[in-house]
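Quick notes on the structure that follows.
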Amino acid sequence: MNGLILKIIALSTMIIDHYGAIFQPSEMAFRMIGRLAFPIYCFLLVEGFLHTRNIKKYALRLFAFALLSEIPFDYAFYRGLNWGHQNIFFTLFIGLVAMYFIERKDVQESASPLIAIGAAAAATFLATDYSFIGIIYILVFYYSKNLPAVRRMSLVAGIFFLTNLVSTGWIQQYSLLSLPILLTYNSKPGPKIKPLQYAFYWAYPLHLFIFAVIKGNITF
């Protein structure tokens, strides 16, 4: 399957996850399904980084939507402004910046682990969604980019499992179910339609805003 189909799967499972978290927090089925979303987004972030023509424009877009999404995120999950947890766009932005500095020709290879640790520390300090775990997810896809697909996903599965085991609850192990889906990726982005590409970005703050309104956390 191509990148567009992966985006649709990631977006659909993310919305299901957020629906469960906001409206039916005791029903774990929604959260299990939702665990597919973030690994796919991490994979697509790495693909975007490797193939984008303008990394700075890509980073600026992520950062802009991180800022734009923060108020809907806060109101959907916390019923008001909350500086204790930042939305997932911040995590993706930090991961992208880390890959950018790791790839720079004027940065010594020995500095790569320090950049990775710095990115994980930044995500933890800023309390971004998935925190340092999100950075691990992103960078394991990045560092394994040149491996054959099966070997790559096997390595990712092992690191995901260990990371989830020591850092999160049992439900995060369902993230491993995203890897067979990623194995079907054909390295093609799918149709490049600008409005559609931006629709995937806008879908994040918009669905959170709609959920916050339905929940009664935002009133007019």
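Each reported figure results from applying straightforward, stated rules to the coordinates on display, with no laboratory input. None of these values were measured; they are calculated from a predicted model. All Cβ positions, glycine included, derive from the backbone under ideal geometry; neighbour counts span all protein chains shown.
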Once the piece of chain linking Ala21 and Tyr198 is laid out straight, how much longer is it, given 0.36 nm per residue of separation minus the C-alpha distance between them?
61.2 nm
Placing each pseudo-label 7 Å from Cα in the direction of the beta carbon, Thr124 and Leu147 end up separated by a distance in nanometres of 2.4 nm
Extension gain (nm, one decimal) between Ile55 and Ser167, 0.36 nm per residue minus Cα-Cα
37.2 nm
What does the C-alpha gyration tensor say about the overall shape of the range 3-199? Classify as rounded when a/c is under 1.5, otherwise prolate if a/b is larger than b/c, or oblate.
rounded
Please go through the residue pairs Lys57/Lys105; Lys56/Lys215; Lys7/Lys56; Lys7/Lys145; Lys145/Lys188 and name each one whose alpha carbons sit more than 27 Å apart in this structure.
Lys56/Lys215
Could you work out, for the range 35-152, what percent of all Cα-Cα pairs fall into each 10 Å distance bin, beginning at 0 Å and stopping at the bin that holds the largest distance?
14, 44, 33, 9, 1
Please list 86-94, 4-12, 148-156 highest first by mean number of surrounding beta-carbon atoms within 10 Å per residue.
86-94, 4-12, 148-156
Given H placed 1.01 Å from N in the peptide plane, which residues other than close sequence neighbours of Gln86 have an amide H under 5 Å from its amide H?
Thr128, Asp129
Given the DSSP H assignment, sum -39500 (n - 2.57) over each helix run of at least 4 residues in the chain and divide by its residue total; what's the result at 222 nm in deg cm²/dmol, nearest 500?
-23500 deg cm²/dmol
